[in-house]
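These notes are about the structure you will find just below.
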Amino acid sequence: MLRKFRIDISHGSERNSPHSMLRSLGQKATLLQEAEKALVAQSAFKSLNAFISVPNADILLREVAEHEAAPAKGPLSGKLIAVKDNICTSSLPTTAGSRLLRHFTSPYDATIIEKLRASGAVIAGKTNLDEFGMGSHSTHSHFGPVSQVSASGQITSVGGSSGGSAVAVATGQCHAAVGTDTGGSVRLPAAYNNVVGFKPSYGLVSRWGVIAYANSLDTVGVFGRNLGDTRIMFDALNAFDARDPTSLSEHIRARMRSNVCMENGKDVVSLRVGVPTDYNIDELDTAVKNAWITTLQALQGQGATLVPVELQTTRHALSAYYVLAPAEVSSNLAKYDGVRYGERTSGPDGTSDSVLFAKTRGELGAEAKRRILLGAYSLSAEAKDNYFIQAQKVRKLVQDDFNKAFRKPNPLYPEHRTSNAEGVDVLICPTAPTPPPELERLRDQQPVDAYTNDVFTVPASLAGLPALSMPVGGNKSNGIGIQVIGQFGDDHLVFDVAERIEECT
Amino acid sequence: MDSQHRRIELQTPSDLTYLEEYAKRVARDKIDLNFPPAAAVGEDAMRKKVEELVGQYLSRTFAEARKNMSINGMPVPSADAVAGEAYEPFDTTQADRIRDLEARKDALQKTVALERRNGAASAARNFEKAYTAHVDAEDMQWLMAKNAVMERAEKEAILGVNAPKREQEYVETYRKAREDLEGLNKGLGGTVGKLERAVGSRRSLDKAQASTYGFARPPHGSQPHIQPPTANHQEDPVPAMVRTAPTGAASILISSHAPWVCQACFRRLQLRPQAAPKSFQLSTRLRSLHTELRVDDAVPYRKLLKDQKNKKKSKGVKGSSNGKGSQLTDWELTVGIEIHAELNTARKLFSSALTSTNETPNTHVALFDAAFPGSQPQFQKDTLIPAIRAALALNCDIQKRSTFDRKHYFYQDQPNGYQITQYYEPFAKRGHITLYPHDGIAEQDYPSITIGIAQVQMEQDTAKTLAQPPHTHLIDLNRVSHPLIEIISLPQIHHAQTAAAFVRKVQALLRAVNAATRGMEQGGLRADVNVSVRKNSAGPGALAYAGIAGLSQRTEIKNLSSLRAVEDAVTAERDRQVGVLEAGGMIEGETRGWTIGQTSTTRLRGKEGEVDYRYMPDADIMPVIIGKDFVAHLRETLPKLPDEVLDMLVREPYGVTVKDAKTLLALDDGERLDYYFDVVHILQETLESEAAGVKGKVGKMAANWVLHELGGLLAASTTEWVHNSVPAGKVATIIAYLLRRKVTGKVAKQLLSTVFYEPEREVEDVVREEDLLLRPMNDEEYEALAQDVITKNEDVSVEVRETGHQGKLMFLVGQLIKHGEEGRVEADRAKLVLQKLLLKG
């Protein structure tokens, strides 16, 4: 899958080489140098298995050179952007990490690919992931697990499911990256890889061309090495798209803008920071707890008001998530029957004494099969009332809890538009209860243990809220992330507060 | 297990036969190639064995495949039930006989042709004039009969003498002419009979010979095996007719036995070959499997149903509905119906791809229709318009908010692995329709019955699957996501006949409001029925559905694709359930199937085999909010419903009789009604400047012509209704001629027949070329003619002059018409002039 990389590109055809092109223009080749550095990194960190497919290096560099030569198209002009492999590209295969789609190339580009290109971005490649986004460690991929080497030399989890994108950013294999976040799939890898990961409010970034995992929770998220890069990425993608039926309309976007008071974020003194006491669980690692406390103290030191907040339904959020997401998976993955695209097994699939499509669908990975079965069960007539319906109710309670906690009303429910002076502007909590575990130890884990890693990220997903994970403090290689969660549509406030945290920690 | 899967859908049994035969032919060709028959001396043992094995393989393959096929939604009967043609060894004597008979047949054909061209045609011409006079005479017959009676009564009372001699003479002439005419007809019939016998024997021999080749009938497109060596068959229409449509031709020839010979009949005979393919097109239009069609093999599905109906009728209506009459009096039948109807929309339900019915496969498919990864549904708001219209026609409450859900099951015709439907919150609820006797309800439901509609929901259609045996299924995604509505009735129907009437009425309503265009016969509508029975004396049952309590265990019969199937399946299932219960058994909740022509439903799957559809709200589709103003607008602009149209038709300016109005509404899925309105509309424009007396006749006259005159022609030619068999403009032109007194009634009928059989001719041209225009005589001409008649009928004239006897006067009118030039004497003007001469003068 990985291309052969020619380090010595300048020895190519002298006339056509990007270097010669640039020399002739007499410009300083910063973008090209940056791109070359990234290609070197891709080669050097190949063993981490961050990419599933990448474009031809010559073509890629020529593209960068062209951007460098021309006036900048946008803030991402000539920058290498890695894209998670569950986002459709017509230039590279889109596998979703699945054996069934291992030879699939989409006939169309996702909206966000068009948006990136319009901002001048160059697609650096398609990054590895858990099959269809299902996993917390990026180990459930047909193309092998993604890994990282910790400071102490151990091979540890990169988080999932957008692990490839996070690793690519962390190791300089690209400028920034796009991932998807359904229950924490951007924030968890961001925390484990010490980069910034942002999940926007549900419906802000188009999902057209994003292969569905759990469509009522799926969002497109972004990774950057710092807050500035990450915000630029988000701004480039944040737009209404008529092709995505859940894309927030211009009308609601306008309402959200009027709802947001930007000075809250700039002015730390008037900031009310919520501390969800229910997140202080027994399983919380000491180092993580310390990072949390440090962050809160620093903000308080700048004059912010800390407010303890009760989010009682949070303890049920994880269970609800693992009922709802598999239910949607069982539906969204029903199309992979081997009839239209992708792979099917040889020979007849569905005779009078076998189940139709069972052979082809049997080639899905173990985790995908597990969740499909879970979902099919929780939607069955016999179990639906106990699982699916209950989980929907819990989801509503989680949303209500958040709406009660925030100072601003939720712009999606204009009928409940009473602001709550006692409420908070943002919630701050850890992204994950522990630093990244060693991959070796994960092998013995029960699937449910892996699910508990998502305990802090899932609530914001259920409520569709914007949430950002960032490394804090001096030690930015400990794999610990702090999460900033805002009211629905308050995405920029989340970035503003994150900047204040960066300044003071 | 396999019953859970959708079946390979074929359109007619002949598709299956074709496939089988095709496979056999290919196999034979292959064998011939590898074991050339010429190369073998005597019997080739190897070839025989191979043939045997291949034969076994083929029959096994098709036997297996049958289980997974359905024809028009019905299970395929086993191979034994449709046993193929028997193979016979080649027989030289038979072949020789074929040749002999062929020659004899050709000779006979020539004789017939000659006779028809010279003998019959001239004879007909000669007789026509005489006959025409008698037709006019027939018009007068009732007058004369009346006269005769009155006269006799008068005479007997006053003079005591018999009817006048002249009248007897007249009657005698008429009788003789009629006999002559019938004699001619019989003579022709005899010749025709000979030809028929020849054709019949040829056909049976053809069959015998063909089966020696292994095929019962030659495939369409290829010429028959034996070409008649007729030199002049190009000019001679009869052999051509025999070649293309033997059965049709035979029935036409037989129909000439009827005591009616006119030019139109001859035209019809000549033109039949052109008319015939039309009716075949009708049946082939519905076929989606593009196999070569053998014309003589394709029994139209409609005809099948019609035949079945006729068979039933001849057996007596009671046989079908009250077979267990005495036993049934204590049992109450309860039926609920689900109807799926294809909405008439430009675009699909969840993509901007256009809807289509017969386009090139997979050309109307958006990314979402093919379920491409990453694609999402785009609800097409415009599809709401026909859906809401349908719901309004069914008197439903349109819901402000409705949502879409996913219904999951695996099948290759369903790209997403689920169907998007409205399970939890449908867009329309609580409707009803009322059925009247004219809707065809059971007598027990007279004078009317109201049936509740539980809900109406929108949903997607699936892809079309075309089987390419043995292992290939071709999938056409054009139909994926075509918008459908599902209409769910309450279980308030208690008679099979009313069940069929309900489906018929829903179909008519959907068509009337333009919500659906393709009816049941075109596959645009299908019904599932839920049937239960309950013993009246046993009290209410324990089950309930949609708020209707007291029901007993029901079964569901799926995929009924004709009204007849609905009625018969309900009857059969009722009888089966009663039988089971009376035998002390229990009814199981199960899904059953029905095949046309069967006497009982068959079990498809029980409860344990039911698919759990795992309904789930579709989070990608926002709830649909329908505004009150939008519904109000649609309600205001809703086209007239059939019952309203009926009401309108019987009032001015139409003034159609209730009987004719019902017929207009019922015929040809409403096409005849549209046609009628077209005719009336054109007439109203044409006759705008005419007197009110003329215009007032338009509605009634048009109904008479559209139903009876045109209907008569259709029936006589055994052709199905085609919207343009005679364009509305032509009928309107003819009626206008008549109303403006430019032609006589007889000529008008003749005109219609002409343009029916010779569609390329215009009415005006026919009138001009055949000089049919009424040339009204002036008063002097009338007087001269009248004087002549008065002189010739002195006795009567004197009597009229003396007594003013009306009957006698009308007799003279008849004489005047008879003596006048053909098509020139108008009865009322003749009467006026006679009155003037005899009574006032």
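Are any residues in region A:125-142 farther than 23 Å from A:LEU373 by Cα and not basic (Lys, Arg), and if so, which ones?
A:GLY125, A:THR127, A:ASN128
Which one of these is more than 10 Å from chain B (Cβ to nearest Cβ), more than 19 Å from A:LEU333 (Cβ to Cβ) and open to solvent by less than 30 Å² (accessible area, probe 1.4 Å): A:LYS115, A:LYS84, A:LYS126?
A:LYS126
(1) surrounded by 24 or more Cβ atoms within 10 Å (Cβ to Cβ); (2) not aromatic (Phe, Trp, Tyr); (3) not in a helix (DSSP H, G or I): which one isn't true of A:ARG102, the others all being true?
Going through the list (1) surrounded by 24 or more Cβ atoms within 10 Å (Cβ to Cβ); (2) not aromatic (Phe, Trp, Tyr); (3) not in a helix (DSSP H, G or I), A:ARG102 breaks only (1).
Check A:GLY221 against each of (1) in contact with a Ser or Thr (Cβ under 6 Å, 6 or more places away or on another chain); (2) more than 14 Å from chain B (Cβ to nearest Cβ); (3) not in a helix (DSSP H, G or I) and name the one condition it does not meet.
(1) is the only condition that A:GLY221 fails.
Of the conditions (1) part of a loop (DSSP other than H, G, I, E, B); (2) among the β-branched types (Val, Ile, Thr); (3) open to solvent by 30 Å² or more (accessible area, probe 1.4 Å), A:THR89 clears all except one; give me its number.
Every condition holds for A:THR89 apart from (3).
Here are the criteria: (1) in contact (Cβ under 8 Å) with a residue 12 or more places away in the chain; (2) part of a strand (DSSP E or B). Tell me which single one B:THR599 does not satisfy.
(2)
Please pick out the residue among B:ALA692, B:ALA703 that is of a type in the set (Gly, Ala, Ser), in the same structural domain as B:ALA732 (by TED's automatic domain parsing) and open to solvent by 60 Å² or more (accessible area, probe 1.4 Å).
Testing whether each residue is of a type in the set (Gly, Ala, Ser), in the same structural domain as B:ALA732 (by TED's automatic domain parsing) and open to solvent by 60 Å² or more (accessible area, probe 1.4 Å) leaves just B:ALA692.
Looking for something surrounded by fewer than 19 Cβ atoms within 10 Å (Cβ to Cβ) and either small (Gly, Ala, Ser) or in the same structural domain as B:LEU667 (by TED's automatic domain parsing) (or both) - is there at least one such residue anywhere in region B:788-799?
Checking region B:788-799: not a single residue is surrounded by fewer than 19 Cβ atoms within 10 Å (Cβ to Cβ) and either small (Gly, Ala, Ser) or in the same structural domain as B:LEU667 (by TED's automatic domain parsing) (or both).
Output the residues belonging to region B:352-361 that are of a type in the set (S, T, N, Q) and away from chain A (no Cβ under 11 Å).
B:THR355, B:SER356, B:THR357, B:ASN358, B:THR360
Can you pull out every residue in region B:622-653 that is assigned to a helix (DSSP H, G or I), among the charged types (D, E, K, R) and surrounded by 12 or more Cβ atoms within 10 Å (Cβ to Cβ)?
Those that are assigned to a helix (DSSP H, G or I), among the charged types (D, E, K, R) and surrounded by 12 or more Cβ atoms within 10 Å (Cβ to Cβ): B:ARG635, B:ASP643, B:GLU644, B:ASP647.
What number of residues within region B:362-412 are within 11 Å of chain A (Cβ to nearest Cβ) and among the hydroxyl-bearing types (Ser, Thr, Tyr)?
Final tally of qualifying residues: 3.
Only one of (1) open to solvent by 30 Å² or more (accessible area, probe 1.4 Å); (2) within 34 Å of the chain's Cα centre (by Cα) is not met by B:GLY584, so which one is it?
For B:GLY584, the failing item is (2).
Counting only residues that are part of a loop (DSSP other than H, G, I, E, B), surrounded by 20 or more Cβ atoms within 10 Å (Cβ to Cβ) and not acidic (Asp, Glu), how many does region B:367-410 have?
The number of residues fulfilling the criteria is 16.
Hey, can you tell me all the residues within region A:181-204 that are within 14 Å of chain B (Cβ to nearest Cβ) and open to solvent by less than 10 Å² (accessible area, probe 1.4 Å)?
Scanning region A:181-204 gives A:THR182, A:GLY203.
In this structure, is A:LEU374 more than 21 Å from B:GLY417 (Cα to Cα), assigned to a helix (DSSP H, G or I) and either away from every other protein chain (no Cβ under 13 Å) or open to solvent by 50 Å² or more (accessible area, probe 1.4 Å) (or both)?
For A:LEU374, the condition - more than 21 Å from B:GLY417 (Cα to Cα), assigned to a helix (DSSP H, G or I) and either away from every other protein chain (no Cβ under 13 Å) or open to solvent by 50 Å² or more (accessible area, probe 1.4 Å) (or both) - is not met.
Output the residue which, of all residues in region A:333-356 that are open to solvent by less than 10 Å² (accessible area, probe 1.4 Å) and within 7 Å of another protein chain (Cβ to nearest Cβ), is nearest to A:ILE211 (Cα to Cα).
Looking at the filtered set, the residue picked out is A:ALA334.
Could you grab me the full set of residues in region B:526-551 that are crowded, with 17+ Cβ neighbours inside 10 Å, within 18 Å of B:GLU332 (Cβ to Cβ) and either without any contact (Cβ under 8 Å) to a residue 60 or more places away in the chain or among the basic types (Lys, Arg) (or both)?
Those that are crowded, with 17+ Cβ neighbours inside 10 Å, within 18 Å of B:GLU332 (Cβ to Cβ) and either without any contact (Cβ under 8 Å) to a residue 60 or more places away in the chain or among the basic types (Lys, Arg) (or both): B:ARG534, B:GLY541.
Please go through region A:122-141 and give me each residue that is among the β-branched types (Val, Ile, Thr) and either under 12 Å from the mean Cα position of the chain (by Cα) or modelled with pLDDT of 95 or more (or both), ordered by number.
Hits for region A:122-141 are A:VAL122, A:ILE123, A:THR127.
Taking the condition under 24 Å from the mean Cα position of the chain (by Cα) and more than 9 Å from chain B (Cβ to nearest Cβ), does A:ALA405 pass?
In short, no.
Quick one: how many residues across region A:357-370 are surrounded by fewer than 18 Cβ atoms within 10 Å (Cβ to Cβ) and facing chain B (nearest Cβ under 10 Å)?
Result for region A:357-370: 1.
Does region B:425-444 contain at least one residue that is modelled with pLDDT of 95 or more and within 14 Å of chain A (Cβ to nearest Cβ)?
No - not one qualifying residue is present in region B:425-444.
Which condition from (1) at pLDDT 85 or above; (2) more than 25 Å from B:GLU588 (Cα to Cα); (3) open to solvent by less than 10 Å² (accessible area, probe 1.4 Å); (4) not basic (Lys, Arg) is the one that B:MET520 breaks?
Answer for B:MET520: the failing condition is (1).
Working only within region B:686-712, note down all residues that are touching a helix residue (DSSP H, G or I) at 6+ places or on another chain (Cβ under 9 Å), in a helix (DSSP H, G or I) and over 20 Å from B:LYS659 (Cβ atoms).
B:THR686, B:VAL694, B:LYS695 - these are the residues of region B:686-712 that are touching a helix residue (DSSP H, G or I) at 6+ places or on another chain (Cβ under 9 Å), in a helix (DSSP H, G or I) and over 20 Å from B:LYS659 (Cβ atoms).
The values are calculated or read from the model by the stated rules, or taken from the named source; none is laboratory data. All figures in this text were calculated on a predicted structure; none of them were measured in a lab. All Cβ positions, even for glycine, are placed from backbone atoms using ideal geometry, and neighbour counts span all protein chains on display. The accessibility values were calculated without ligands, DNA or RNA, using every heavy atom of the protein model including side chains. Shrake-Rupley method; radii C 1.70, N 1.55, O 1.52, S 1.80 Å.
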